[in-house]
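S.K.: My questions will all concern the structure given below.
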Amino acid sequence: MSEQPEVVHTEVGGRRLRLTHLEKVLYPAVGWTKAEAVHYYASVAPRALPHLAGRPASFLRFPEGVTGQRFWAKRVPGGAPDWLTTLDVEHREGTFRQVVVADLPTLVWAANLGALELHVPQWRGAPEQHDRLVIDLDPGPGTTVVECCAVALAARRLLAADGLTAFPKTSGAKGLHLLVPLHPVPERAATDYARRLAGQLRAAAPGLIVDRMEKSLRRGRIFVDWSQNTSAKTTVAPYSLRAGERPLVSTPVPWTAVESCRHPTELEFTPEQVLALPEDPMAALTAPRHLGRLPGA
């Protein structure tokens with residue numbers, strides 16, 4: 001890649017942006033730069049933005065790259081452009097004004113901040129009403145995403161029995177996530193259902209699955225983290241980069257990929273591989289025909 005200037009002034013989606021230090025190496029192990037991160041997010045925007053729309057974003061920022069300081073950024077930072085879409089969100093520490101990644105200029109602006117990871121909650125607009133369920137499958141020591149796939153298939157059957165449609169994606173790290181679109185339900189209904197589902201999975205395969213938080217129980221098992229459905233929790237967004245040794249992406253995949261997975265590398269995707277994929281397997285996530293109703297909700 002040719003050397004980039006220190007500052008680039010550009011127009012993105014009708015907004016003027018100032019991009020800085022594009023030559024900075026963010027993933028030293030492979031030499032992947034900030035320019036490549038900005039290019040990735042700009043290119044993947046048509047697929048990523050529908051999954052970010054209406055949800056307050058929490059950014060995991062790496063101004064000096066993945067081997068440097070990292071920090072969570074929830075509040076709108078000082079000097080942010082006034083055209084950003086924002087949302088006031090109540091936290092235990094107080095009410096914060098957070099960015100909603102609503103368009104391409106916002107996504108590129110965030111990438112320029114070194115916001116490599118984008119995390120969002122399971123609700124839009126109001127935390128009291130959840131429009132999405134997440135089944136978070138986290139492999140304990142001695143297990144991999146291959147075992148996560150087996151649990152995902154079992155979860156898919158239980159969800160389908162309740163009339164719910166699940167869409168899988170890689171976590172971009174070691175695990176697997178299932179996203180389930182819902183007609184809005186109260187937070188308590190979502191967390192109670194997720195907890196019951198985790199208990200059903202554990203009861204069916206106690207040697208493989210754990211649904212309790214204690215890390216000592218996770219060796220050789222897959223942890224079904226039902227707590228990710230509380231309003232205060234966020235999950236890495238579809239198509240977000242992850243800050244590992246090399247750039248990998250939290251990538252939506254078809255169920256056929258889950259069914260056929262026999263080695264962890266089969267569900268590892270680089271930004272370049274993601275941009276070469278022919279379609280978004282999660283494109284129909286918000287289609288009305290897939291919106292489910294939780295039993296009893």
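S.K.: Residue 256 fails exactly one of the following numbered conditions: (1) in contact (Cβ under 8 Å) with a residue 12 or more places away in the chain; (2) more than 23 Å from residue 31 (Cα to Cα). What is the number of that condition?
M.R.: The failed condition is (1).
S.K.: Hey, another quick one. What are the residues in segment 244-278 that are of a type in the set (Asp, Glu) and either in a helix (DSSP H, G or I) or farther than 23 Å from residue 111 by Cα (or both), if any?
M.R.: 259, 266, 272
S.K.: Kindly list, by first and then second residue, each pair from a residue in segment 274-292 that is in the same structural domain as residue 253 (by TED's automatic domain parsing) to a residue that is polar (S, T, N, Q) and part of a strand (DSSP E or B), limited to pairs with Cβ atoms under 6 Å and residues at least 6 apart or on different chains.
M.R.: none
S.K.: Next up: Go through segment 77-104 and give me each residue that's touching an Asp or Glu at 6+ places or on another chain (Cβ under 9 Å) and closer than 30 Å to residue 67 by Cβ.
M.R.: Scanning segment 77-104 gives 96, 98.
S.K.: Taking the stated definitions as given, is residue 294 surrounded by 17 or more Cβ atoms within 10 Å (Cβ to Cβ) and within 23 Å of residue 183 (Cα to Cα)?
M.R.: Against the criterion (surrounded by 17 or more Cβ atoms within 10 Å (Cβ to Cβ) and within 23 Å of residue 183 (Cα to Cα)), residue 294 qualifies.
S.K.: Give the residue that is farthest from residue 68 (Cα to Cα), with candidates limited to residues of segment 210-236 that are surrounded by 21 or more Cβ atoms within 10 Å (Cβ to Cβ) and of a type in the set (A, V, I, L, M).
M.R.: The qualifying residue farthest from residue 68 (Cα to Cα) is 210.
S.K.: Quick one: which residue in 159, 164, 118 is under 30 Å from residue 22 (Cα atoms) and either of a type outside the set (Val, Ile, Thr) or part of a loop (DSSP other than H, G, I, E, B) (or both)?
M.R.: Going through 159, 164, 118 in turn, the sole match is 118.
S.K.: Now a separate question. May I ask you to verify whether residue 213 is at pLDDT 95 or above and among the aliphatic types (A, V, I, L, M)?
M.R.: It is false that residue 213 is at pLDDT 95 or above and among the aliphatic types (A, V, I, L, M).
S.K.: Quick test of your reading of the structure: residue 141 fulfils all but one of (1) touching a residue at least 24 places away in the same chain (Cβ under 8 Å); (2) of a type outside the set (Gly, Ala, Ser); (3) assigned to a loop (DSSP other than H, G, I, E, B); (4) over 19 Å from residue 206 (Cα atoms). Name the failing condition by number.
M.R.: (4)
S.K.: So residue 92 fits all but one of (1) crowded, with 17+ Cβ neighbours inside 10 Å; (2) at pLDDT below 95; what number is the exception?
M.R.: All conditions are met except number (1).
S.K.: Moving on. Looking at residue 285 and the list (1) among the hydrophobic types (A, V, I, L, M, F, W, C); (2) at pLDDT 95 or above; (3) assigned to a loop (DSSP other than H, G, I, E, B), which single condition is not satisfied?
M.R.: Unmet condition: (2).
S.K.: When you go through 129, 122 one by one, which is the residue that is closer than 23 Å to residue 194 by Cβ, among the polar types (S, T, N, Q), touching a residue at least 40 places away in the same chain (Cβ under 8 Å) and crowded, with 21+ Cβ neighbours inside 10 Å?
M.R.: 122
S.K.: Within segment 1-105, which strands (runs of 3 or more DSSP E) (wholly inside it) include 1 or more residues that are touching a residue at least 60 places away in the same chain (Cβ under 8 Å) and of a type in the set (Phe, Trp, Tyr)?
M.R.: Working: elements: 7-12, 15-20, 25-27, 58-61, 71-73, 85-91, 94-100.
Passing ranges, in order: 25-27, 58-61.
The values are calculated or read from the model by the stated rules, or taken from the named source; none is laboratory data. Keep in mind that this is a model prediction, so the values were computed, not measured. FYI the Cβ positions are ideal-geometry reconstructions off the backbone, even for glycines, and counts take in every protein chain you see.
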